[in-house]
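This report concerns only the one structure given below.
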Amino acid sequence: MGSGALFGSAEAALGYASARPPVHPAVVALAEERFDLPASVEVALDVGCGAGLSTRPLVGRARRCLAVDPEPGMVALVSQVAPGALGAEARAEALPVPDGSVGLVTAAGSLDFVDDLGAAVAELARVLAPGGMALVYDFATGRRLRDGPDLGPWFDDVLARWPRGAPSTSPVTADALEAGGLVVVCQPFEVDVSLTRSAYVDYLLTESFVTLAVGRGEDRANIARWLASTVPWPGVGDEPADVVFAGYVLAARHP
Ligand SMILES: C[S@@+](CC[C@H](N)C(=O)[O-])C[C@H]1O[C@@H](n2cnc3c(N)ncnc32)[C@H](O)[C@@H]1O
């Protein structure tokens with residue numbers, strides 16, 4: 001399945017604008033603390049920006065903030081989700097910016113979906129300014145609460161009912177970025193996001209296993225009902241709980 005089937009619908013764009021967990025500011029803060037990320041740059045670029053949630057923390061750090069994604073429905077929401085950023089339709093493999101012009105490049109969960117990872121990495125290296133930094137990061141589905149019931153067995157059941165697609169054949173690794181001539185440091189992270197039960201279900205509905213199931217003809221509303229009525233959430237109402245999002249960030253520079 002191409003990435004358009006996962007991200008090309010109006011529903012996907014709205015879900016990315018409204019229901020994804022806001023882990024991005026914490027990842028940028030971590031990069032500032034651990035990797036000496038410059039406090040401000042002339043130009044920042046978010047590659048595979050979706051609706052712009054990953055772009056938002058870049059806006060105050062750059063005089064000009066650009067955000068690109070191949071899906072027009074996603075790009076149309078960037079100005080609302082990340083006011084001050086300029087969205088454009090483009091792929092990571094052909095970035096519409098000059099050589100060495102971007103002080104901060106981010107790619108949040110997007111490089112797994114490119115058709116040619118080598119070409120995308122070559123583009124990141126091409127546009128990255130001398131002394132600039134690229135942050136390539138991703139996080140797994142939040143399936144653990146910081147305190148509270150173990151969601152693990154329940155989530156295994158979720159995936160048994162609605163399986164994930166095949167993993168990417170070219171994983172985004174430090175080696176893949178180093179092959180493009182960049183120097184890379186990898187840092188795992190955990191970010192806690194407070195979500196209510198209903199916000200957690202809305203978030204899960206944006207995950208690709210649901211999009212795949214709906215593509216096979218399953219009813220999204222039925223999936224939502226099952227998730228909401230079976231998730232072993234603390235309390236009986238719509239109380240918030242801290243969901244742990246575990247991921248990695250690859251910080252890359254020119255040598
Ligand atoms: C998991 S979403 C992440 C969106 C956003 N970065 C965020 O964190 O909210 C992956 C995004 O990558 C985009 N994408 C797919 N193929 C791409 C490509 N070749 N170049 C750049 N982005 C791509 C999708 O359209 C989608 O918006």
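I'd like to check one number: the per residue accessible area of segment 136-255, probe 1.4 Å, reported in Å² as a whole number.
Working: 5750 Å² over 120 residues.
Each residue of segment 136-255 exposes 48 Å² on average to a 1.4 Å probe.
At 10 °C and 1.306 mPa s, what whole-number value in µm²/s does Stokes-Einstein give for the translational diffusion of the chain, with Rh from the Kirkwood sum over Cα pairs? Walk me through the numbers before you get to the answer.
Working: Rh = 18.7 Å.
Translational D for this selection: 85 µm²/s.
For the chain, the longest principal axis of the C-alpha atoms and the axis of helix 152-161 are separated by about 90°.
Taking 0.36 nm per residue of separation and subtracting the Cα-Cα distance, what length does fully extending ARG63 through ARG146 add? Mind showing how you got there, number by number?
Working: separation 83, 0.36 × 83 = 29.88 nm, distance 3.70 nm.
Separation in residues times 0.36 nm, less the Cα-Cα distance, equals 26.2 nm.
Could you tell me how many degrees, from 0 to 90 and to the nearest 10, lie between the Cα long axis of helix 220-230 and the main elongation axis, the longest principal axis, of the Cα atoms of the chain? Tilt of helix 220-230: around 70 degrees. Placing unit charges on the Cβ atoms of the charged side chains and taking the dipole of the chain about its Cα centre, the candidate lying farthest along the positive direction among PRO38, SER168, ALA85 is ALA85. Residues ARG220, ARG91 ordered from highest to lowest accessible area at a 1.4 Å probe: ARG91, ARG220.
Based on the alpha-carbon gyration tensor of segment 46-144 and its eigenvalue square roots a ≥ b ≥ c, which shape applies: rounded if a/c is under 1.5, prolate if not and a/b is larger than b/c, or oblate? Working shown, then result.
Values: a/c = 1.34, a/b = 1.10, b/c = 1.21.
Here segment 46-144 falls in the rounded category.
Extending 7 Å from Cα along the Cβ direction at ALA179 and again at ASP157 yields two label points whose distance is 4.1 nm.
Comparing PRO149, PRO234, PRO57, which has the greatest mean-square fluctuation in the GNM of the chain with Cα pairs linked when under 10 Å apart? Looking only at PRO149, PRO234, PRO57, the biggest GNM fluctuation is shown by PRO149. How many angstrom separate the Cα center of segment 154-180 from the Cα center of segment 210-239? Centre-to-centre distance over Cα atoms comes out at 22 Å.
With all protein chains in place and a 1.4 Å probe, the accessible surface of the chain carries 54 percent carbon and sulfur.
The label-point distance for SER18 and ASP36, in a model that sets each label 7 Å from Cα toward Cβ, rounds to 4.4 nm.
Pairs of C-alpha atoms in segment 136-184 farther apart than 18 Å represent 53 percent of all such pairs.
Each label point was placed 7 Å from the Cα along the Cα-to-Cβ direction; for GLU218 and SER168 their separation is 2.4 nm.
Return the calculated 222 nm mean residue ellipticity for the chain, to the nearest 500 deg cm²/dmol, obtained by summing -39500 (n - 2.57) across DSSP H runs with n ≥ 4 and dividing by the residue count. Walk me through the intermediate numbers first.
Details: 12 runs with 91 residues, N = 255.
Calculated at 222 nm, the ellipticity per residue is -9500 deg cm²/dmol.
Residues whose amide H lies under 5 Å from that of THR196, counting only those 5 or more places away or on a different chain, are ALA241; hydrogens are built 1.01 Å from N in the peptide plane.
Using a probe radius of 1.4 Å on heavy atoms only, what accessible surface per residue do you get for segment 51-101? Whole Å² is fine. Mind showing how you got there, number by number?
On the way: 2290 Å² over 51 residues.
Heavy-atom SASA per residue in segment 51-101 reads 45 Å².
Loop-located trypsin sites (Lys or Arg not before Pro) in segment 121-168 (DSSP state other than H, G, I, E, B) with a sparse environment of at most 13 neighbouring Cβ atoms within 10 Å: ARG146, ARG164.
The values are calculated or read from the model by the stated rules, or taken from the named source; none is laboratory data. Note that the structure is predicted; figures quoted are calculated from it, not measured. Note: ideal-geometry Cβ built from the backbone for every residue, glycine included; neighbour counts use all protein chains shown. In case anyone asks, the SASA skips ligands and DNA or RNA and just uses the protein heavy atoms, side chains included. Shrake-Rupley method; radii C 1.70, N 1.55, O 1.52, S 1.80 Å.
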